[in-house]
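Please read the structure below before turning to the comments.
The values are calculated or read from the model by the stated rules, or taken from the named source; none is laboratory data. Here the structure is a predicted model, which means the values were calculated and not measured. Heads up, the Cβs are rebuilt from the backbone with ideal geometry, glycines too, and the neighbour counts pull from every protein chain shown.
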């Protein structure tokens with residue numbers, strides 16, 4: 001996936017409109033964008049929406065992810081009761097505090113999958129790993145935490161609230177040091193755990209130049225996707241996180257060169273010495289591109305067993 005668009009779960013019009021945004025995934029939000037009094041209705045709307053999209057299985061459409069309320073809110077069980085039976089692609093866990101949080105959520109999901117005759121582990125987990133200071137110090141504990149865990153992302157807004165900060169960005173729009181560190185550590189934590197790293201949202205949704213710059217920096221550093229808060233951000237994110245044809249051609253050439261010379265650790269391409277780290281990057285790039293190309297040809301949700 002390249003783009004993941006947040007959509008409030010209590011707004012049917014926005015959910016329907018988001019289907020045409022071009023996003024690779026929709027994050028149907030039951031957490032921050034929904035008032036406490038509106039959460040029961042939001043669960044019903046989200047459930048109905050996901051079930052309706054499942055009826056279009058096999059047709060192009062985004063993956064459907066649901067951000068539930070955090071484990072400390074007392075709302076998670078009700079969220080899962082409503083959502084697990086309709087089998088979204090993944091559950092996004094906010095304010096995750098390491099592998100134990102993922103295991104806790106995974107256990108809750110497993111019970112509901114069994115009750116609903118859904119294959120164990122069919123629904124994945126995406127963890128937001130840095131929304132609390134405590135979570136920041138647990139970034140090394142996600143490896144092996146759950147077979148469901150597929151990606152890590154990070155959030156600077158809740159982290160700034162947890163820190164008591166006035167804001168999280170400097171006057172030039174760049175992140176202040178605590179948030180730069182959180183971003184970097186999330187990237188490292190994802191790599192250490194063998195997970196996809198997704199970059200956080202860019203909240204100034206009318207600032208296309210700023211969004212593009214942040215997307216390019218994220219792709220440069222190793223993030224494979226970025227979350228969005230407005231449909232207008234999706235085309236820029238998709239463009240930046242889609243490899244150019246020249247990049248793909250070079251990656252294929254690197255893979256082919258090593259395939260033709262299986263006993264070598266270094267090969268020469270266009271007068272440049274290419275070694276195994278280059279091969280690893282090329283293989284990852286081609287694998288991600290295959291996923292991007294097939295994303296909109298697959299079912300919108302993960303089918304039950």
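Considering the conditions (1) in a loop (DSSP other than H, G, I, E, B); (2) touching a residue at least 24 places away in the same chain (Cβ under 8 Å); (3) surrounded by fewer than 18 Cβ atoms within 10 Å (Cβ to Cβ), residue 72 is excluded by exactly one of them, (2). Look at (1) under 17 Å from the mean Cα position of the chain (by Cα); (2) in contact (Cβ under 8 Å) with a residue 40 or more places away in the chain and you find that residue 93 fails only one, number (2). Quick one: residue 107 ticks every box in (1) surrounded by fewer than 22 Cβ atoms within 10 Å (Cβ to Cβ); (2) in contact with a helix residue (DSSP H, G or I) (Cβ under 9 Å, 6 or more places away or on another chain); (3) assigned to a helix (DSSP H, G or I) bar one, so which box is it? Every listed condition holds for residue 107 apart from (2). Please verify whether residue 80 is under 25 Å from residue 135 (Cα atoms), without any contact (Cβ under 8 Å) to a residue 60 or more places away in the chain, touching a helix residue (DSSP H, G or I) at 6+ places or on another chain (Cβ under 7 Å) and not in a helix (DSSP H, G or I), treating the condition exactly as stated. So residue 80 does not fit the description; no. When you check residue 161 against the structure, is it loosely packed, with under 15 Cβ neighbours inside 10 Å, within 24 Å of residue 67 (Cβ to Cβ) and free of Cβ contacts under 8 Å to residues at least 40 places away in the same chain, yes or no? In short, yes.
Of everything listed in (1) over 30 Å from residue 15 (Cα atoms); (2) out of contact with any strand residue (DSSP E or B) (no Cβ under 7 Å at 6 or more places or on another chain), the single unmet condition for residue 275 is (2). Taking segment 177-196 as the range and being surrounded by fewer than 16 Cβ atoms within 10 Å (Cβ to Cβ) and either free of Cβ contacts under 8 Å to residues at least 40 places away in the same chain or assigned to a helix (DSSP H, G or I) (or both) as the test, the residues that pass are 177, 180, 181, 184, 188, 191, 192. The number of residues in segment 1-38 that are touching a residue at least 40 places away in the same chain (Cβ under 8 Å) and either more than 17 Å from residue 233 (Cα to Cα) or not in a loop (DSSP other than H, G, I, E, B) (or both) comes to 13. In segment 113-135, the residues that are on the phi > 0 side of the Ramachandran plot and in contact (Cβ under 8 Å) with a residue 24 or more places away in the chain form Cβ pairs under 9 Å with partners that are surrounded by fewer than 24 Cβ atoms within 10 Å (Cβ to Cβ) and in a loop (DSSP other than H, G, I, E, B), at six or more places apart or across chains, as follows: 117/304; 117/305; 121/146; 121/147; 121/148. Of the residues making up segment 206-223, those that are assigned to a helix (DSSP H, G or I), surrounded by 14 or more Cβ atoms within 10 Å (Cβ to Cβ) and at pLDDT below 95 number 1. Scanning segment 110-142 for residues that are in contact with a strand residue (DSSP E or B) (Cβ under 9 Å, 6 or more places away or on another chain) and crowded, with 22+ Cβ neighbours inside 10 Å yields a count of 10.
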